[in-house]
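Taking it in order: structure first as structure tokens, then the write-up.
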């Protein structure tokens, strides 16, 4: 172990789960947050020392309880990865107030509150801690039919920049990764049928200039790097990891 402690939300699937595995392989001790007990238990068996935290991050008391459990177990906190998120399909006509609030509460509000709760420990860490937010290419470029999601991710990007400038004096770095289409459960949970999802992934071969969609490990490797000493002079960045998708025009 390298003596560093990371807290990862969205740990039960996709990018969050891949990040837990990658950071553990790099020597970090991990606290992982999710709502699915069985999947957290699987990670606990797979990753020695892993701390499972069963919690809905949108609960009013979630941030303090999650950070408190992590510090109680490990005594410190060096890295926070905000990977929990939701995609709600809907246009300006079909997005309901409930859809909007659900998306903002998970994708944005929980990120702010968890970071706020973690900051005292990140500032005290030796070396000083860092935050990586999982945003999206949809925060950099608008896409039709996912209005609330795009707005929430654009807000995460601006939150990342605001926190980076506010915390620079304390040495805490805050960055974001902006994935393109990655093979996770996000779109399926957002309502896509299996057939529609397969067609969506196939189309991704043409919409991403490098000719393929991403895998969770494409993103987790970048997250691990942003948390590492190799990125110690990088803060406030929103890093597209999307096979070039952000470079293209709508099509």
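The values are calculated or read from the model by the stated rules, or taken from the named source; none is laboratory data. Just so it is clear, the structure is predicted and the values come from calculations on it, not from any experiment. Here the Cβ is made from the backbone with ideal geometry for all residues, glycine too, and neighbour counts use every protein chain on show.
Tallying residues that are farther than 30 Å from residue 191 by Cβ and not in a helix (DSSP H, G or I) within segment 54-74 yields 0. Taking segment 1-60 as the range and being under 20 Å from residue 76 (Cα atoms) and at pLDDT below 95 as the test, the residues that pass are 1, 2, 3. When segment 76-96 is filtered for residues that are without any contact (Cβ under 8 Å) to a residue 40 or more places away in the chain and over 22 Å from residue 156 (Cβ atoms), the ones remaining, listed by number, are 93, 94.
Could you tell me whether residue 172 is under 30 Å from residue 127 (Cα atoms) and either touching a helix residue (DSSP H, G or I) at 6+ places or on another chain (Cβ under 9 Å) or free of Cβ contacts under 8 Å to residues at least 12 places away in the same chain (or both)? It is true that residue 172 is under 30 Å from residue 127 (Cα atoms) and either touching a helix residue (DSSP H, G or I) at 6+ places or on another chain (Cβ under 9 Å) or free of Cβ contacts under 8 Å to residues at least 12 places away in the same chain (or both).
If we keep just the residues of segment 141-157 that are over 13 Å from residue 115 (Cβ atoms), in contact with a strand residue (DSSP E or B) (Cβ under 9 Å, 6 or more places away or on another chain) and at pLDDT 95 or above, which is surrounded by the fewest Cβ atoms within 10 Å (Cβ to Cβ)? Filtering first and then ranking leaves 157. Taking segment 43-53 as the range and being touching a helix residue (DSSP H, G or I) at 6+ places or on another chain (Cβ under 9 Å), surrounded by fewer than 17 Cβ atoms within 10 Å (Cβ to Cβ) and assigned to a helix (DSSP H, G or I) as the test, only 46 passes. When segment 80-97 is limited to residues that are more than 24 Å from residue 18 (Cα to Cα) and part of a loop (DSSP other than H, G, I, E, B), the one that is modelled with the lowest pLDDT turns out to be 89. If you go through segment 5-37 and pick out every residue that is crowded, with 21+ Cβ neighbours inside 10 Å and assigned to a loop (DSSP other than H, G, I, E, B), you end up with 5. Of all the numbered requirements in (1) touching a strand residue (DSSP E or B) at 6+ places or on another chain (Cβ under 9 Å); (2) buried (at least 20 other Cβ atoms within 10 Å of the Cβ); (3) assigned to a helix (DSSP H, G or I), residue 100 misses one, and that requirement is (2).
One residue alone among 40, 77, 113 is in contact with a strand residue (DSSP E or B) (Cβ under 6 Å, 6 or more places away or on another chain), buried (at least 16 other Cβ atoms within 10 Å of the Cβ) and in a helix (DSSP H, G or I), and that residue is 40.
Residues in segment 56-77 that are more than 16 Å from the chain's Cα centre (by Cα) and within 16 Å of residue 20 (Cβ to Cβ): 69, 70, 73, 74, 77.
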